[in-house]
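Every number in this text was worked out from the coordinates using simple rules, so none of it is lab data. Keep in mind that this is a model prediction, so the values were computed, not measured. All Cβ positions, glycine included, derive from the backbone under ideal geometry; neighbour counts span all protein chains shown.
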Amino acid sequence: MPVTAVTTDPENLTMTLVADFAAPVDRLWSVFTDPRQLERFWGPPGWPATFTAFEFEPGGHARYHMTGPRGESSGGSWEFLAVDAPRSFEVLDAFADESGAPIEGMPSMRMTFTFDATPEGSRLTNVSYFASADALEQVVAMGAVEGSTMAMNQLDRVLEGLRAYAQGKGTQTEILDDQHVRITRLIEGPIDLVWRAHQEPDLMKQWLLGPEGWRMSVCEMDPTVGGTYRYEWEPLEGTEGEAFGFDGETLVIDAPHRAVTTEHMTGTDYPSTLNDLTLYEEDGATLITLVIEYPDAQTRDIVLATGMTDGMEASYARLEGVLSTV
């Protein structure tokens, strides 16, 4: 993971994040100064950022909002105080409302971003300066250490490019914390087709099957916010196992980039999970990222132990074959 340390210093009223990357300084600088690249990692998993303004010059402003998995929105703004390309820049960071105005009662902080060359590539040092110990404590209590760590640990795939990062690696499962797992798979095909394959029942029945020997017998869905879905699978003749299914509700939909749904095993009292699907296309390939929120670590481990990753890889491999015929 790129982040090597996040430290708080109540005496000097600072929080410092240090991260190392196998990329030159110029490349690291470019992802922090291009809003389209920046928004691919600035929000932590489940809270992607969207920059609506980015005036990268002293006195200029940037505005962004992060959208949570239940449709929540959290806004922020930067005022650029200094720019020394490609070595550093400095901003005044504030929590912001829908209009971009700072929210009264919420702390603001001065942040510096410094980029240094290392033998392996480059190092980012991000220091936040607070006006008081209470402001530092408030931001830490809101999860700033964990959130910034998870956000910056997404940067490798942006720096490398999708093919270098994911091609040939199959379905990858990462445990982010006690409740969250991130699954990634690069699919050869454009984002619009990959999106359709996740939303159109006729296509879903061709690939979302898991291991060989099963078929999707029911696929009913209303892909609108508040709409519900129901999936069922059953074994083919000669395959052992019992039919099962899932049902849930759509919480966020942003075609063709993001869909967030709940998932509950039909006919059981098991707790639901939250499934946050995002798609990103680069050079004719689409990266599928699925962040799953479990109720607790025990449930997470039980599900992972079922061979979920192998089953998803079988489905995604089948998906590539389906897309080649669409």
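As a length-normalised measure over Cα pairs under 8 Å and 6 or more apart, the relative contact order of region 163-323 settles at 28 percent.
Enumerate by residue number the GluC sites (Glu not before Pro) in region 54-96 meeting two conditions: DSSP loop (anything except H, G, I, E, B), and at most 14 other Cβ atoms within 10 Å of the site's Cβ. Let's see the in-between values first.
On the way: sites: Glu55, Glu72, Glu79, Glu90; in loops: Glu55, Glu72.
Listed in order of number, the matching sites are Glu55, Glu72.
Shown here: P(r) over Cα pairs in 20 Å bins from 0, in percent, derived from the displayed model; of the candidates (i) 28, 54, 17, 1; (ii) 33, 62, 6; (iii) 27, 50, 21, 2, it corresponds to (i). Give the range of the longest stretch in the chain that excludes all trypsin sites (Lys or Arg not before Pro) found in loop regions by DSSP and having at most 14 other beta-carbon atoms within 10 Å. So the longest stretch without any such site is 170-326. With 0.36 nm allotted per residue and the present C-alpha distance subtracted, the Asp9-Glu174 stretch has 56.4 nm of extension available. Under a Gaussian network description of the chain, with springs only between Cα atoms under 10 Å, the residue in Pro58, Pro256, Pro119 that fluctuates furthest is Pro119. Convex hull volume of the Cα atoms in region 3-160, per residue, in Å³? Once divided by residue count, the hull of region 3-160 is 108 Å³. Of the GluC sites (Glu not before Pro) found in region 174-225, those that fall in a DSSP loop while having at most 15 other beta-carbon atoms within 10 Å are Glu212.
What number, rounded to the nearest 500 deg cm²/dmol, is the helix-based mean residue ellipticity at 222 nm of the chain, given -39500 (n - 2.57) per DSSP H run of at least four residues and division by all its residues?
On the way: 10 runs with 82 residues, N = 326.
Value at 222 nm, helices only: -7000 deg cm²/dmol.
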